[in-house]
Amino acid sequence: MPATLARDGVVLIQQGSVAEVAELLDGWTVPVDHPHQVADGLTVITPRIHSGAADNEAGFTDLPLSPHTDRSLHKQPPSVLATLMLAPARAGGSATLVDAAQVLMILRRRAEDAAIARLRLKTTAGQLGPPVVEFTSGHARIRYRDDRIAHPHSTDRHTDLVADLRRLITETVRSLHLGEGDGYLVHNHRFLHGRTAFTGDRSLVRFLARVNSDHPYTWLNRGFSIASS
């Protein structure tokens, strides 16, 4: 599984159970806590909050979620994210996925790495957050969100580069219908994920984790190989 994730960045799950997904992660990852979790690294996501809630709780509404990195503003975002659909929406609620390695590959043809590295997440309060793309010795790690909490910003005022990034994400997004027992496992430093708006009582379980520090694929915690982009 870690080798497949390193190569492809995503693994699709069909006809699974919560116990089976937990077993899939067991032995090579450790859970990453989340404020809304019901167990270590495990959160049940349902529309339990009014749609007027703040963006940090937008996941618990029926609103759309634009493609993003989970925990993008935190010091160490989880490197592994898995979801499993418990009950699909009555209408809408398709999963959306973006391979940021593909986005970065195209972006590097149009801009120098130094300019890309100066893209930062900027909060609506005006504070600069972490780099959108972190380059480290043959690897890259993506942190992305574009909402009322934070958005991509060029510290050297390359607004055209920000526009290119947004456009490429929009152009490469793929939709995925998840039935009961379906889901996906993604490299959270590489793949952005989101969903469309929906109606009904959609219920999904999310797992957050990072690769064990003594595992051969612990480098996934640093990002994805730039060669794969």
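Coordinate-derived values only; no laboratory data. Just so we're clear, the structure is a prediction, and the values are computed from it rather than from any experiment. Don't worry about glycine lacking a Cβ; one is built from the backbone with ideal geometry, like all the others, and counts go over all protein chains shown.
Observations
- Net charge over other residues, Cβ less than 12 angstrom from the Cβ of LEU104 (K, R count +1; D, E count -1): +1
- In terms of its Cα atoms, the stretch 1-81 spans 41, 28, 22 Å along the principal axes, sorted from long to short.
- Span-like helix ranges in the chain, DSSP H, alpha carbon extent 18 angstrom or more, Kyte mean at least -0.5: 159-172
- Distribution of pairwise C-alpha distances over the chain, 5 Å bins, in %: 1, 7, 15, 19, 21, 17, 12, 7, 2, 0
- Kirkwood-Stokes translational diffusion coefficient of the stretch 63-170, alpha-carbon pairs, 4 °C, 1.567 mPa s, µm²/s: 86
- Computed over the stretch 99-158, the P(r) curve from all C-alpha pair distances, binned at 10 Å from the origin, holds 23, 55, 21, 1 percent per bin.
- Per residue, the average separation of C-alpha pairs within less than 8 Å and at least 6 apart gives the stretch 24-125 a relative contact order of 13 percent.
- For the stretch 141-229, diffusion coefficient by Stokes-Einstein and Kirkwood Rh (Cα), 20 °C, 1.002 mPa s, µm²/s: 132
- The chain, helix-only ellipticity at 222 nm - DSSP H runs n ≥ 4, -39,500 (n - 2.57), divided by all residues, nearest 500: -5500 deg cm²/dmol
- Rounded to the nearest 20, the size of the Cβ-charge dipole of the chain about its Cα centre is 700 debye, with Lys and Arg at +1 and Asp and Glu at -1.
- Each of ILE116, HIS215, THR83 was scored by the projection of its Cα onto the charge dipole of the stretch 76-226, and the greatest displacement toward the positive side belongs to ILE116; charges sit on the C-beta of Lys, Arg, Asp and Glu.
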